[in-house]
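Before any comments, here is the structure.
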Amino acid sequence: MQAPSEADLLERAEAASARGEHDAAFRLWSEARSRFPGTPRPWLRAAEAMAGLRRFTDAEALLDEAVSRFPDDFWLARARAVIVMALGDEVEAYTRSRALRQAFPDNPTAHAGFVHLLLDLKQVAAAEAEARASMARFPDFPWLDHMYARCADQAGDTAAAAARWTDLLVRHPDRQPAYVAVVRALIELGRLDEATGIAREGLRLFPNGSAARDAWAEVGKVTAADAASPSAAEPAEHLLAGALGAERAGEWPGAARLWALLREQAPALSLAYASGARALLRLDRMAEAEIVLAKARRDLPPDAGVLQAWADAAVLRGAFEDALARFSVLRQAFDTPHAALGIARALHGLGRLDEADVVYAELSGEWPSDLTLARQYALIAVERGDWPEAIRRWTRVTVAFPDHLPGYRHLADALLQAERWAEMDLLLSDMAARFPDDLETALRWAMSGRRGPATENDSTRWDELCRRFPDIASVVRPPRSSAG
């Protein structure tokens with residue numbers, strides 16, 4: 001009988017390991033190790049099967065030999081560091097884990113594993129310090145974030161734990177082990193709406209996940225499920241009308257609740273996810289919003305509203321790298337003005353002003369009647385300190401949008417920075433005539449002589465200011481008098 005190929009043998013061994021059949025897995029991995037001794041994977045998996053059979057001493061011996069054969073293999077070295085904890089040798093576990101981190105300084109798993117060990121050894125302060133230092137090097141590694149949250153849990157700092165677990169789910173809503181921990185922390189803080197929402201949406205995202213079920217069970221201990229609400233039996237069209245009405249009224253808790261019920265009754269309705277997430281974002285329930293959007297992106301056809309809410313969520317939390325990636329996905333799927341504007345905003349937020357400027361210029365040319373675009377395009381010039389260009393762009397804003405007072409104020413500021421006193425004085429005079437009831441405009445106009453050479457009109461302007469706003473003389477000193 002012909003021996004199975006390497007690929008077939010490894011596939012059978014992996015299947016046995018996945019089923020938890022440790023005896024069969026060990027036999028298959030041992031055969032693979034014997035036939036293919038130059039491949040590190042069978043050595044690692046055979047040792048794992050031994051550990052599953054609680055043959056820890058044999059597993060360590062096998063890993064000692066494997067590491068001597070493959071000294072540069074991280075996963076073998078890591079397994080050798082971990083196995084001694086099962087043997088009860090905490091000192092050797094610490095020594096090996098620390099050496100692993102030093103040998104593989106660019107591997108975030110080595111750093112997270114060391115923090116994990118420190119927590120298991122109840123060295124919480126040391127674990128916290130290691131986690132912070134490692135996160136500075138690897139700012140978006142889920143396991144490190146998980147260990148950092150555990151530090152707060154083990155320190156008994158519930159508020160910090162809730163914040164850290166929530167932040168982890170905001171960035172990694174697929175991190176199932178975090179659900180129970182965040183729900184427990186939120187319940188302890190009395191934030192039952194958030195705990196219920198995260199547990200409910202986690203269960204929808206992972207209907208067969210044990211961690212999600214455990215999180216929902218934690219909620220069930222302290223509060224009734226949403227299914228008990230009379231609204232749960234309402235027709236979908238009534239829930240939709242109610243959710244839209246709550247949005248129009250700015251009643252965001254009610255809107256979030258109704259969108260959640262609608263997702264239950266109409267799970268394929270993308271609007272329920274996009275609008276539901278936006279309501280949650282209004283309530284600063286970011287983790288719950290990200291979980292809702294993760295399910296929509298995974299289970300529904302691509303939808304512009306869902307992707308837009310997903311990208312906007314990153315902007316709201318100031319995660320501009322994430323926002324740039326998300327708006328790029330949106331633009332590839334649906335080339336909308338919002339996608340292009342989002343890319344420009346993300347570039348702006350990252351300080352990549354030249355790139356943002358190019359995008360804003362293109363958009364401003366395509367949509368000249370969009371005030372938001374015109375303002376952002378002008379603000380870029382201000383941030384770059386390019387005052388002639390800022391003056392040109394703010395002038396365009398005032399011409400295109402003559403009733404937009406902030407545009408005039410920005411133009412006056414740019415003229416001031418450029419020391420173009422006469423033009424600024426003419427602009428302030430025009431502003432005072434256009435917006436006669438605006439105190440700030442009148443005050444700047446009356447006192448503009450303080451910014452540049454005194455003019456003969458200073459006293460006249462001050463008198464006019466006091467006539468329009470009689471109480472101003474008691475709180476503001478008049479401008480300096482003209483020379484001569």
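Exactly one residue out of A24, A3 is assigned to a helix (DSSP H, G or I) and of a type in the set (G, A, S), and it is A24. Residues in segment 333-374 that are acidic (D, E) and not in a helix (DSSP H, G or I): D335, D370.
Residue check, Q123 against (1) under 20 Å from V67 (Cβ atoms); (2) free of Cβ contacts under 8 Å to residues at least 12 places away in the same chain, all met but one. Which one? The number of the failed condition is (1). Just one of the listed residues (D312, D322) is touching a residue at least 60 places away in the same chain (Cβ under 8 Å), within 18 Å of the chain's Cα centre (by Cα) and part of a helix (DSSP H, G or I), and it is D322. Restricting R384, R392 to those that are modelled with pLDDT under 95, closer than 30 Å to L353 by Cα and not hydrophobic (A, V, I, L, M, F, W, C) reduces the list to R384.
Listed by first and then second residue, the pairs with beta-carbon distance under 8 Å, at least 6 apart or on different chains, first residue in segment 91-116 and under 18 Å from V67 (Cβ atoms), second acidic (D, E) and crowded, with 20+ Cβ neighbours inside 10 Å, are F114/E130. The residues of segment 157-189 that are within 17 Å of the chain's Cα centre (by Cα) and among the acidic types (D, E), listed by number, are D167, D174. Among the residues of segment 234-247, is there at least one that is surrounded by 23 or more Cβ atoms within 10 Å (Cβ to Cβ), of a type outside the set (S, T, N, Q) and part of a helix (DSSP H, G or I)? Yes: one or more hits.
Going through segment 316-347 one residue at a time, which ones are under 23 Å from H172 (Cα atoms) and small (G, A, S)? Within segment 316-347, G318, A319, A323, A325, S328, A333, A339, G342, A346 meet the criteria.
Regarding A46, is this residue closer than 25 Å to D106 by Cβ, touching a Leu at 6+ places or on another chain (Cβ under 9 Å) and either modelled with pLDDT under 95 or surrounded by 20 or more Cβ atoms within 10 Å (Cβ to Cβ) (or both)?
Criteria not met by A46.
Among the residues of segment 277-291, those identified as under 19 Å from R191 (Cα atoms) and of a type outside the set (D, E) are A277, A279, L280, L281, R282, L283, R285, M286, A287, A289, I291. For segment 156-187, filtered to residues that are small (G, A, S) and either modelled with pLDDT under 95 or in a helix (DSSP H, G or I) (or both), the residue that is surrounded by the most Cβ atoms within 10 Å (Cβ to Cβ) is A178.
Taking segment 330-357 as the search range and keeping residues that are touching a Phe, Trp or Tyr at 6+ places or on another chain (Cβ under 6 Å) and among the aliphatic types (A, V, I, L, M), which one is nearest to R384 (Cα to Cα)? Filtering segment 330-357 for residues that are touching a Phe, Trp or Tyr at 6+ places or on another chain (Cβ under 6 Å) and among the aliphatic types (A, V, I, L, M), the one nearest to R384 (Cα to Cα) comes out as L350.
The values are calculated or read from the model by the stated rules, or taken from the named source; none is laboratory data. Note that this is a predicted model, so its numbers are computed, not measured. As a convention, Cβ positions derive from the backbone with ideal geometry for all residues, glycine included, and neighbour counts pool all protein chains shown.
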